[in-house]
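The structure appears below as structure tokens.
The values are calculated or read from the model by the stated rules, or taken from the named source; none is laboratory data. From a predicted model like this one, the values you see are computed outputs, not experimental measurements. Here the Cβ positions follow ideal geometry from the backbone for every residue, glycine too, while neighbour counts run over all protein chains shown. Protein only, heavy atoms only, side chains kept; ligands, DNA and RNA dropped before computing areas. Shrake-Rupley method; radii C 1.70, N 1.55, O 1.52, S 1.80 Å.
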Amino acid sequence: MISRPLSVLSQSPIRPTVPSFEETLARHGHSSLKAASLTTLQVNVGKLCNQICHHCHVDAGPQRTEIMTKETIDQVLRVLAVTPSITTVDITGGAPEMNPHFEYLVKECRKLDRTILDRCNLTVFLVKGKTHLPEFLADYGVEIIASLPCYREDNVDAQRGRGVFDRSIAALRQLNTLGYGMKGSGLVLNLVYNPLGPVLPPPQEELQADYREELQTRFGIHFNELFTITNMPISRFLEDLVAAEQLEEYYALLVNSFNPATVEGLMCRSLLSVGWDGRLYDCDFNQMLNLSLHSEFPQYIGDFSLESLHNRPITVDSHCYGCTAGSGSSCGGTLL
Ligand code: SF4
Ligand code: SF4
């Protein structure tokens, strides 16, 4: 069993005795992972959050002080203004709405006519000073991707904190009232499921049907799609695995479930991640592990160059097995 202190585990990639990800790619006929295009800029505007969830890969919470400044947001906007091929801005955190410049970012992205995604924990709508946000998001046509790891109260509260399920249901009802998730409204409301423990998600379509049935019947709630996401063995989920002595077992599951058909669609091949301090990464997971872009490529959003970044080699490590297990996993759900 690996016996490193948790504080170290949560900040660095861990390398249990598993085959190297690159070697596994090569064994299945894939050369080193490279970006294929750049259509999404995922902007992590900070680690501040009103919740402290067990599985959080960001280690976010109310005490975190890392917040993207307006100057860095302006650098992001300058990149978008001159890079029309980036069609989607995916805003994440923490609870991204807790950044004081969140609404500015949304308004400016709308002026630039981009698809805007808000990775929302739902309960933030009940935080003092944030209750106007559902209407704001609807006015600006922002797509909401909302975490709801189960349709049962006990499971949600166990993972995300007491009372989170009830508050999430109240927020979903409010979003439906505004048209979110309703046919013909054009307002997209997608939900995110992640397993409660060290297992792979069930088939996305089947679980989506269950969610639709349960949420509609019991609460009258509508949504567009359900994304199932595999828990990554980093940060708090990693600490839980270590504490439960399940880390090696979970890694074995991920490695043994490697599916070469997922490689083509890996999100890092079309996405660039921006950290709260403007640093660039291949994805939000690499960001949390401080795995930078290869050193010969621009490291900060202020140095952005599409020419150098659009087919860059991607920094991989053992956590990448989380994206290639089973049907694959990304911020937009399964890959197959
Ligand atoms: S999982 Fe989301 S809602 Fe929960 S602590 Fe992390 S950022 Fe906040
Ligand atoms: S964690 Fe997933 S998205 Fe990130 S670099 Fe690895 S394979 Fe790509």
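Taking loop as defined by DSSP and a crowding limit of 12 other beta carbons within 10 Å, which GluC sites (Glu not before Pro) in the stretch 171-278 fit?
Details: sites: Glu205, Glu206, Glu213, Glu214, Glu225, Glu239, Glu245, Glu248, Glu249, Glu264; in loops: Glu225, Glu245.
Here the sparse-neighbourhood loop sites are Glu245.
Compute log10 of I(q)/I(0) for the chain with the Debye formula, placing one identical point scatterer on every Cα and leaving out solvent, at q = 0.10 Å⁻¹, to two decimals.
With one equal scatterer per Cα and no solvent, log10 I(q)/I(0) is -0.56.
So what's the back-of-envelope 222 nm ellipticity for the chain, counting only DSSP H runs of four-plus at -39500 (n - 2.57) apiece and dividing by all residues, rounded to 500?
Working: 13 runs with 111 residues, N = 336.
Mean residue ellipticity at 222 nm (helix-derived): -9000 deg cm²/dmol.
Filter Lys70/Lys111; Lys34/Lys70; Lys70/Lys130; Lys70/Lys183; Lys47/Lys130; Lys34/Lys111 down to the pairs with a C-alpha to C-alpha distance above 25 Å, please.
Numbers: Lys70/Lys111 17 Å; Lys34/Lys70 31 Å; Lys70/Lys130 19 Å; Lys70/Lys183 36 Å; Lys47/Lys130 17 Å; Lys34/Lys111 31 Å.
Checking Cα-Cα distances, Lys34/Lys70; Lys70/Lys183; Lys34/Lys111 exceed 25 Å.
Treating only the Cα positions of the stretch 177-336 as identical point scatterers, give the base-10 log of I(q)/I(0) from the Debye formula at each q in 0.18, 0.21 Å⁻¹.
-1.14, -1.27
Just the Cα atoms of the stretch 67-138, one point each, no solvent: what log10 I(q)/I(0) does Debye give at q = 0.18, 0.22 Å⁻¹?
-0.69, -1.00
For the chain, with every protein chain kept in place, what is the accessible area per residue (1.4 Å probe, Å²)?
That works out to 42 Å² per residue.
Determine ³J(HN,Hα), in whole Hz, for all residues of the stretch 69-85 in sequence, where each value follows from phi through the Karplus function 6.51 cos²θ - 1.76 cosθ + 1.60 and θ = phi - 60°; x replaces Gly and Pro.
Once θ is set to phi - 60°, the couplings for the stretch 69-85 become 7, 5, 4, 5, 4, 5, 5, 4, 5, 5, 4, 4, 4, 9, 10, x, 5 Hz.
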